[in-house]
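Below: the structure, in structure tokens.
The values are calculated or read from the model by the stated rules, or taken from the named source; none is laboratory data. On a predicted model such as this, the values are computed, not experimentally measured, just so you know. When we count neighbours, we look across all protein chains shown, and the Cβ atoms used for this are built from the backbone with ideal geometry, even at glycine.
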Amino acid sequence: DAGVIQSPRHEVTEMGQEVTLRCKPISGHDYLFWYRQTMMRGLELLIYFNNNVPIDDSGMPEDRFSAKMPNASFSTLKIQPSEPRDSAVYFCASSGTGGPSGANVLTFGAGSRLTVL
Amino acid sequence: QKEVEQDPGPLSVPEGAIVSLNCTYSNSAFQYFMWYRQYSRKGPELLMYTYSSGNKEDGRFTAQVDKSSKYISLFIRDSQPSDSATYLCAARSGGYQKVTFGTGTKLQVIP
């Protein structure tokens, strides 16, 4: 398995533009998570899905952020309009529930580094 | 107050030293405790996990959890330059998939 695949790896955009980040989870994993990482706040959970259904979106900072998971192999995180304070590394992670440790093991993608000018 | 607190470091040690990394947490519902390692420009990867209180050993790494004091520790024996990374402690409650992370401690092992 190629692991969790995220794109783009780097994105530089101007304030006000729409940003779409993409994630392909590990096949067979039924949980998908979007995290944001900054120096000041560390890793923060934005939203997570179970079997493509959003379960907890309480970490989504505001209405400018939205996430979808149309099928088991694809998810998007969209920011519209983007602002400089959205600059961060956005990670997608997936996990399965098989076995005693399955639910604990988050497998992260390499991240999407977003810079909003 | 963050639910999981961690000293950001950086921590610099000579090769071969014993490293102690620590976290505290405030949520009594946390039952699963994890340590992730993150190399520069990479995603975090799971290093170890424990359930409830106790110790767990894996090679040069030992994880400890003391639920009475809400304290999480990771010990690295015979540290190597390849251990240089950011170490993130994490926790979650049973039956709920949200994993809460500390901000991470940056470790540098000097040859």
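Restricting attention to segment A:3-56 and to residues that are over 25 Å from B:Gln38 (Cα atoms) and assigned to a loop (DSSP other than H, G, I, E, B), the residue that is farthest from the other protein chains (Cβ to nearest Cβ) turns out to be A:Gly16.
Taken together, the residues in segment B:1-49 that are loosely packed, with under 13 Cβ neighbours inside 10 Å, basic (Lys, Arg) and not in a loop (DSSP other than H, G, I, E, B) amount to 0. Taking the listed residues A:Ser94, A:Ser112, the one that is more than 22 Å from B:Gly94 (Cβ to Cβ) and in contact (Cβ under 8 Å) with a residue 60 or more places away in the chain is A:Ser112, with no other qualifying.
Can you name every residue in segment A:75-112 that is part of a strand (DSSP E or B), at the interface with another protein chain (Cβ under 8 Å from one of its Cβ atoms) and modelled with pLDDT of 95 or more? Answer for segment A:75-112, where residues must be part of a strand (DSSP E or B), at the interface with another protein chain (Cβ under 8 Å from one of its Cβ atoms) and modelled with pLDDT of 95 or more: A:Phe91, A:Ala93, A:Phe108. Residues considered: A:Gly42, A:Gly59. Of these, the only one that is on the phi > 0 side of the Ramachandran plot and of a type in the set (Gly, Ala, Ser) is A:Gly42.
Just one residue in the set B:Gly104, B:Gly43, B:Gly54 is on the phi > 0 side of the Ramachandran plot and within 11 Å of chain A (Cβ to nearest Cβ); that residue is B:Gly104. Among residues of segment A:26-71 being touching a strand residue (DSSP E or B) at 6+ places or on another chain (Cβ under 7 Å), in contact (Cβ under 8 Å) with a residue 12 or more places away in the chain and of a type in the set (Gly, Ala, Ser), the one that is surrounded by the most Cβ atoms within 10 Å (Cβ to Cβ) is A:Ala67. A count restricted to segment A:57-71 and to residues that are among the charged types (D, E, K, R), assigned to a loop (DSSP other than H, G, I, E, B) and away from chain B (no Cβ under 14 Å) stands at 3.
Looking at segment A:64-73, can you tell me whether even one residue there is in contact with a His (Cβ under 9 Å, 6 or more places away or on another chain) and aliphatic (A, V, I, L, M)? Scanning segment A:64-73 turns up at least one residue that is in contact with a His (Cβ under 9 Å, 6 or more places away or on another chain) and aliphatic (A, V, I, L, M).
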